[in-house]
1. Report the gain in length on full extension from Lys141 to Trp4: 0.36 nm times residue separation, minus Cα-Cα distance, nm rounded to one decimal.
2. State, as an integer percentage, the relative contact order of the range 10-72 based on alpha-carbon contacts under 8 Å between residues 6 or more apart.
3. How far apart, in nanometres, would the label points at Glu99 and Asp27 be if each is projected 7 angstrom from Cα along the Cα-to-Cβ direction?
4. Using 19 Å as the cut-off for backbone N distance, which residues of the range 133-161 belong to the label zone defined by a point 7 Å from the Cα of Thr112 along Cα→Cβ?
5. To the nearest 20 debye, what is the magnitude of the charge dipole of the chain about its Cα centre, counting +1 on the Cβ of each Lys and Arg and -1 on the Cβ of each Asp and Glu?
6. Could you work out the local net charge near Lys160, counting Lys and Arg as +1, Asp and Glu as -1, over the other residues with Cβ closer than 13 Å to its Cβ?
7. Could you grab the relative contact order for the range 82-139? Cα pairs under 8 Å, six or more apart, rounded to a whole percent.
8. Can you give the convex hull volume of the alpha carbon atoms of the chain per residue, in Å³?
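FYI, it's all coordinate maths here, none of it is from the lab. From a predicted model like this one, the values you see are computed outputs, not experimental measurements. Positions of Cβ are backbone-derived with ideal geometry, glycine not excepted, and every protein chain shown enters the neighbour counts.
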Amino acid sequence: MEKWFNVGKIVNTHGIKGEVRVISRTDFAEDRYRIGNTLYLFRENEKEPLALKIKTHRTHKNFNLLSFEGLDNVNQVEAFRDGILKVSSDQLSKLDEGEFYFHEIIGCIVYTDTGDEIGKITEVLTPGANDVWVVKPAKGKDVLIPYIDQIVKEVNIEAKKVIITPMEGLLD
């Protein structure tokens, strides 16, 4: 069974020449939206994704604007609105050491460096300078763990285990 990963959501058309506005959900926009790459469009009432080869890419305000080969008119792309653009697992790039895809981090169990279990990572937030991992403990409120070297000491994707050294007040 093929595994798919979200790249962005088509939120509207742009102009009359077949461009679409995409809210990006990828850290690798330059790679994902490179001219000639193929993205797969998933729509609510369609069983199979539609393969779309990127013809143009540019940014405008907070959007990525894409056009696709063979689709040169707004009427051809209007039906793509609210569709989700994805890539398959074989399209994922190798990452440098110490870098992880969100899907690899979500589900990991977080432990302190003294062996206490904090909880499971349920979400990754990207508010600014660094990512923040949302950790759901067995009981109580979610814990927010900033992904910085001073706190995150070890990440073992295969074992789904993260070890942190909590700073003062982090777990209160």
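1. Full extension of this stretch gives 46.2 nm more.
2. 34 percent
3. 0.8 nm
4. Inside the label zone: 133-155, 161.
5. Using Cβ point charges on Lys, Arg, Asp and Glu, the chain gives about 760 debye.
6. -2
7. Contact order relative to length: 22 percent.
8. So the per-residue Cα hull volume is 150 Å³.
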